[in-house]
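What follows draws every value from the coordinates through simple rules; no lab data is involved. Because the structure is predicted, anything quoted here is derived from the model rather than measured. Please note: Cβ atoms are built from the backbone with ideal geometry, for glycine as well, and neighbour counts cover all protein chains shown.
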Amino acid sequence: MTVSREVEVEILRLTHAEKWPAGTIASELGVHHDVVARVRDAEHALPKERPPRASLLDPYRPFLATTLEAHPRIRATRLYYMIRERGFSGSVKIVRRCVKEIRPRPRSEAYLVCERLPGEQAQIDWGKVGTIAVPGGRRVLWVFLMTLAYSRHRYAELVLDLGVESLRRSMWRGCAYFGGTPREWLFDNTKAVVIERFGDAKRFQKDLLELASAMHVMPRLCRPRKPTDKGGVERGIRDLKEAHFAARTITSIERGNRELLAFIEDIVAQRKHPTQPTKTVREVWAEESSKLLPLPAQPPSTDLVVPVCVDKTASVRFATNRYSVPARYAGLTLILEANDDTVRLLDGATEVARHTRSQGRHQRVDDLAHRSDLVAERRAANVAPVREHLLLEIPELRIICERWVVRGRNVGSMTARTKKLRDLYGAEILREAVVAMVSHDTHDPGALGLLCEQGRRRRHLPVPLPVTLPARAVDVDVVSHDLASYDRAAAEAF
């Protein structure tokens, strides 16, 4: 007879605590007296020990233990193939169970809680947050984050470049946002920060050192492969990815930066401080701001300055894009100065070209004056093609031309119709319409004309109707007069 565990517990209680005999217990609980005897005997019975079963893996256990000690992260599948070559004929499942038992467990690391003083340290890092569409393809989008270690206040912005010049510009804007700078900048071991490192010996990027010197700050590096050294900024990047960038599509860096700063001001700054829960992050930052070092009166230069060679097409290459210069500089060397918005080409102290910086990939940025001079110098090129003139004025039109080719349209006819729109509405309105078409993945010239007309109406410009006068027509000044005279003349006639 099988009884529940509750009945077994009651039998043992009545036996040892109340000293009842077996018959009385059986009558009280309504069970057979053999059940009472079995429960009493089972309490003192020793478990049966089974002799260990022999396994096909037993001869190979020392080899597995030695290999795992030398290579703790090696996979069980690899160990299976290694012992199979040595004569093992069992299955991989046996090996996996054995490896799970004897694999050395990693030693847990203990961390020291360390709070920084006000104005002592800022932690800096980047995080990948997706991609963004640019002319010529897509580019990886990164978020730059600068976190004050004491107050946990942040500055963040979206960037496309992780070079030292981009870092210098982001650092300056971050310090300007905080109204000062802490005494120490803590970085990861990225190439934008450190050129070489071996143990404690390190060599920082020269341009970063110049910025730190101008702002009287000491740059420091984390230990290699130890992201916990800058846990504040690491947690901040994770928080931005999960709380702000998740399920968000970035179509414009300018708009993305506005939304990012609004999130910091409205959400992050209003949170409770982790070590001072009676205050918000903004309130603790207000206390820390007075401890920051003041910014220099003259902002340090953060532009990239490098020598560049002008190729045979009178262009210079910078960040996969090409920028035009006057034809007389072909084959010479110029100085390139670049920031986030502008690319300048200098011959000594003389500026020879200035372009708006393209954030696209493999784009040509041409100045129509540069190409016109080149055409005039080349005898074989009497008149530049119409399409090339349009592309010089409106680089985005290149994408529309590619769509015409893919969809089998007559590119010559489409170009002629586009030139007519250029003559009627002007380059500014046409470019605005082309940019709208590129974003909506369309290519029809009829739609392009409609977009041009909408742009004209927004600017309240006159209707662009070409008026052709005969040769005998002459310019005459018409003196305006009172139109009521027509009504009086009509009344007198009747």
Positive-end residue of 77, 98, 87, charge dipole of the stretch 58-102 with Cβ unit charges: 77
Relative compactness, the stretch 58-102, computed as alpha-carbon Rg over 2.2 N^0.38 Å: 0.99
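Which net charge results for the neighbourhood of residue 152, defined as the other residues with beta-carbon distances under 12 angstrom from its beta-carbon, given Lys and Arg at +1 and Asp and Glu at -1?
Surrounding charge for residue 152 is +3.
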Under 15 Å from residue 93, Cα to Cα: aspartates and glutamates that are on another chain or at least 8 residues apart: 58, 101
Mean ellipticity per residue at 222 nm, deg cm²/dmol - from DSSP H runs of n ≥ 4 across the chain, formula -39500 (n - 2.57): -12000 deg cm²/dmol
For the stretch 149-162, Karplus couplings with θ = phi - 60° (6.51, -1.76, 1.60), whole Hz, Gly/Pro x: 5, 7, 8, 6, 6, 10, 10, 9, 7, 8, 9, 10, 10, 10
Reach of residue 272 by Cα under 25 Å, taken over lysines that are not fewer than 8 positions away in the same chain: 230, 241, 291
Long-range HN-HN contacts of residue 367 with modeled amide H, under 5 Å: 324
Environment charge at residue 443 (Cβ cut-off 14 Å; Lys +1, Arg +1, Asp -1, Glu -1): +1
Distance from the stretch 106-135 to the stretch 287-356 (C-alpha centre basis), Å: 31 Å
Of (1) 1.12; (2) 0.97; (3) 1.25, the label for Rg/Rh (Cα atoms, Kirkwood Rh) derived from the coordinates: (3)
Long-range HN-HN contacts of residue 353 with modeled amide H, under 5 Å: 345
Charge dipole (the stretch 201-314, unit charges on Cβ, about Cα centre) - positive-most of 209, 295, 232: 232
